[in-house]
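The values are calculated or read from the model by the stated rules, or taken from the named source; none is laboratory data. Keep in mind that what you see is a predicted model, and the values were worked out from it rather than measured. Cβ atoms come from the backbone with ideal geometry, glycine included; neighbour counts cover every protein chain shown.
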Amino acid sequence: MTTGRNKLPDFFSGNGIDPVESATGKQQPLTEGKDAKAGMSTKKKAGFYLSKEILERFTRKFHELKLAGIPIDNKSTLLELALAFALDDLDKGGKSRVLQRLRR
């Protein structure tokens, strides 16, 4: 029977040790944006799944853009821009191409 004295921390509780920060070091706040002025990062890691086909297509397109000399810093920049376009399209309501695809 365990006594609980060697209880492991709950890494997903939001309290205490951040395992990513422990492994990579404390993140410095970004120098741009309103949250940076308050000492907070304006970016947050997201966790979701993508199909292999979409991920491979996305990665291929990113490298094609880099080889073509398009000034794109990283994959996060491309994904953020693509999501912004999709969200702008969803705001169009009934004329939204994304919404039409979802309804198929």
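Remarks
Quick grid of which residues meet (1) within 20 Å of the chain's Cα centre (by Cα); (2) of a type in the set (Lys, Arg); (3) within 29 Å of residue 24 (Cβ to Cβ):
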position: 44; (1), (2), (3): yes, yes, yes
position: 50; (1), (2), (3): yes, no, yes
position: 54; (1), (2), (3): yes, no, yes
position: 61; (1), (2), (3): yes, yes, yes
position: 70; (1), (2), (3): no, no, yes
position: 75; (1), (2), (3): yes, yes, yes
position: 81; (1), (2), (3): yes, no, yes
position: 95; (1), (2), (3): no, yes, no
position: 103; (1), (2), (3): no, yes, no
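- Filtered residues of the stretch 34-71 (kept if surrounded by 10 or more Cβ atoms within 10 Å (Cβ to Cβ), part of a loop (DSSP other than H, G, I, E, B) and at pLDDT 90 or above): 50, 70
- Some residue of the stretch 12-26 being assigned to a loop (DSSP other than H, G, I, E, B), under 16 Å from the mean Cα position of the chain (by Cα) and at pLDDT below 85: no
- Among residues of the stretch 72-104 being charged (D, E, K, R), outside any helix (DSSP H, G or I) and under 23 Å from residue 43 (Cα atoms), the one that is modelled with the lowest pLDDT is 73.
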